[in-house]
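The next block holds one structure in the form of structure tokens; read it before the comments.
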Amino acid sequence: MKNCCLSETEAFLSTDGTSAGHMGHDDDDEENKPMTRQVLLDKIRQKKEVIGKLRCQPWSMSRKRRTLRLAQKYLEQHESKVSKTHLFKEDLKKRWHSTCRWADNIKIYLIPWEAKIKTIESHFGSVVSSYFTFLRWVIFINLVISLIVVSFVVIPEVLADAAADEGRRNRSETRKKIPESVREVADSFTVVWDYNGHLKYSPLFYGYYSSDKFVSPVNKYNIPLSYFIITLFIFGYSFFAILKKMAANARLSKMAGSKAEQYVFNWNVFTGWDYTIGNPDAASNTVMAIIIKLRESIAECKVTKVKQFRSLLFLARVFANVVIILMLAFSIYLTRISCQNWTPFQVPAIVSTITHVFPMIFDLIGKMEKYHPRTALRAHLTRVLVLYMLNYMTLIISLFDKINEIQGTNTEGEFERFARQLGGRNPVNGYILVSKKWKNNILSRNFNFQELVKLVTMDLIITIASILIIDFFRGLWIRYCSSWWCWDIETTFPEYGEFKVAENVLHIINNQGMVWLGLFFAPMLPVLNNVKMIVLLYIRAWACMTCNVPAREIFRASRSSNFYLWILLLWLLLCTVPVFWVFASKPPSTDCGPFAYQDRYYNVVTDVLEKHKTTKNIFEVLKGIASPGVVIPTLLLLLIIIYFLVSLVRGLREANNDLQQQLFHERTEEKKKIFELAGGGTKKKAEAFRSEKKKKVVSYLPTVEQKRREPWRVYSGVS
């Protein structure tokens, strides 16, 4: 043992040239031999590394002191032979590395809400904290969007109003100045709650912005063009941010490789535990989750047996699916009716209630299906996602149908006073046709996407109410009534509320979709949503630490999983469809908004291109490219290319799996050959022969057979 320790010590010191026993001899040899400057620098660097690593060596204190003394003596003798400039560079580099390390440590404390998320992670593990990490990432995305909108749209509009002349004031006074009749009740709670009064004539909504250009003594700023381009840029930035996050998660995913597929049990046993957990409930849930994973892995390795058909369970699942389909149809009906009646706050209240209440009912109905926990969680997530998608599509279609209905009912109006002015007491009612421009004004006056802003606000209120009622008050009741209740309410129904990561993340995605949808007609909606998200983060964190327990079914929301990011990307695609449909088919309002007096929204871009003579030819080319004869074949070609690339990737993935299996098989065969060459195969055969011989010796013989063989055994000399 002593020789082993000495050999390890000598191996360590020999690499650095600082052996306590041989350092004196080495130094004497080095003093006698002339050394080049590079060799001397290497020796000095080695001595400094030994001094830095000396504390970690398993040596006695006397040996450490002797080694330190010799290394320092060597540095004192030889550092003077090196130029001071080089020593200064080395010292500067060392200080720079220490400064970078200190800055990295400080940077952790500058990340918003990092301490709060780490506290939650220490109590509930990384699964629950992944929700707050995802929420913080969404807040950062909204913050960037808010800064872009405020910098390029809101601030130029405010500066233009401050430096406006009489002509601009006269043109924009009706959209920015509150009428006297509205001013009297503008401060009342009902008006503010309905986003009327001061809020209606604020930069929050589309109608506030003017179609005039901001002309200053220095430069000219085209606000309508900036409004249009910034909207397109925000959608592009959102796509880029989501795809960049998905790529980062794919790089961080270490478990998706071949090793996770080859060593299933090793990964689950040795790397399945979450060492950030500091709460007993979270630890017990994690233990059960690991046990379930191991059972699933064992079950997958075994031959699958044909399960016995159970009629009652089949009928229960059919009944549950029928009830869920009826609830989905009922949610569509409620959303449709609320948009048709059009009473204040009816649409936000109904949609927010459906968003919060129906997933809870889906969860209760799913318990009668008795699926595996993983299958039940996936089915529940699918149903909630379908619910959100149907509500979203129904809301959009109903709102645009309401616009068309309002426009259709006002195409002709009966004005008796106008008829009397024409013909005195003429009993014939005067009908006039409303012009197309007047008809378009209704789009901005009656529907400026205030309902989406109300929906975002109402969603926050219902979320806070549901947290207080379902989590906090239920937790208080269970805490103080469990000692005298009829049954154990802590472990059975109703028990403490679980922090369901999956449902909460889907709720964030649905809310972000509403923000993207209403961004064009409410530019300041991301700012309002940021306030909502921050309030939601604090109240979710408070509820999680106060009255929630970790969910039994683990479903991670960030890091290596791209499931929710795929849903967020799908939601962004769905949000861009109605916005671009409005750009392409709906004429803008003629009395308010930055696109007033334009036939289409995109005309602000075409007008700029047409004014420049050098871009006229380019504009004609772009018009030809945008024609249906070019767009439709291009889309078909792109679909064919996408299908080819998907097929190619699938084939490459299959080839990669085949190569992995081949390499694994060859590696196994090579191990067997090496084992046989080392004598393992011979020993194994000898052991097998001995075991077979023992089995033959101890084989059972009946008593009659033993007696019959006794004379033969004696004759043959076998004792």
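Every read-out reported here was derived from the displayed coordinates using simple, explicitly stated rules and does not represent laboratory data. The structure presented is a predicted model; accordingly, all values stated were derived computationally and were not measured. Note that we place each Cβ from the backbone using ideal geometry, even for glycine, and neighbour counts take in every protein chain shown.
Could you tell me which of the pairs Lys116/Lys500; Lys116/Lys454; Lys244/Lys454; Lys177/Lys532; Lys402/Lys532; Lys213/Lys454 are separated by over 22 angstrom between their Cα atoms in the structure shown?
Numbers: Lys116/Lys500 18 Å; Lys116/Lys454 30 Å; Lys244/Lys454 31 Å; Lys177/Lys532 28 Å; Lys402/Lys532 28 Å; Lys213/Lys454 31 Å.
Going by Cα-Cα distance, Lys116/Lys454; Lys244/Lys454; Lys177/Lys532; Lys402/Lys532; Lys213/Lys454 fall outside the 22 Å limit.
Taking 7 Å along the Cα-to-C-beta vector as the label spot, tell me the Phe189-Trp102 distance in nanometres, rounded to one decimal.
Each label point is offset 7 Å from its Cα along the Cβ direction, giving 5.5 nm.
Give me the distance in nm between label points sitting 7 Å out from Cα along the Cα-to-Cβ direction at Glu620 and Leu252, one decimal.
Placing both labels 7 Å along Cα→Cβ, they lie 5.4 nm apart.
If R0 is 25 Å, what FRET efficiency do you get for Val531 and Ile337 from their C-beta distance, rounded to 0.05? Working shown, then result.
Numbers: r = 31 Å, r/R0 = 1.24.
It comes out at approximately 0.20.
Want the number for Val646 to Phe400: 0.36 nm per residue separation, take away the alpha-carbon distance, what's left? Present the calculation step by step, with values, prior to reporting the outcome.
Numbers: separation 246, 0.36 × 246 = 88.56 nm, distance 3.61 nm.
Net length gain for the segment: 84.9 nm.
Could you check the spin-label model distance between Ser151 and Val318? Points 7 Å from the Cα along Cα→Cβ, value in nm.
6.1 nm
Between Lys48 and Ile290, take the C-beta separation as r, use R0 = 45 Å, and let me know the FRET efficiency to the nearest 0.05. Could the numbers behind the result be given before it?
Values: r = 46 Å, r/R0 = 1.02.
The calculated FRET efficiency here is 0.45.
Grab the other residues whose beta carbon is less than 13 angstrom from that of Trp113, score K and R as +1, D and E as -1, and report the net.
Values: positive: Lys116, Lys118, Arg136, Arg540; negative: Glu114, Glu121.
Computed value for this residue: +2.
Net charge around Glu666, counting only other residues with Cβ within less than 12 Å of its Cβ (Lys, Arg = +1; Asp, Glu = -1)?
Working: positive: Arg667, Lys671, Lys672, Lys673; negative: Glu669, Glu670.
Counting the neighbours of Glu666, the net charge comes to +2.
As an exercise, use a Förster radius of 30 Å and the Cβ-Cβ distance of Ala283 and Thr382 to find the FRET efficiency, rounded to the nearest 0.05.
Numbers: r = 30 Å, r/R0 = 1.00.
Calculated transfer efficiency: 0.50.
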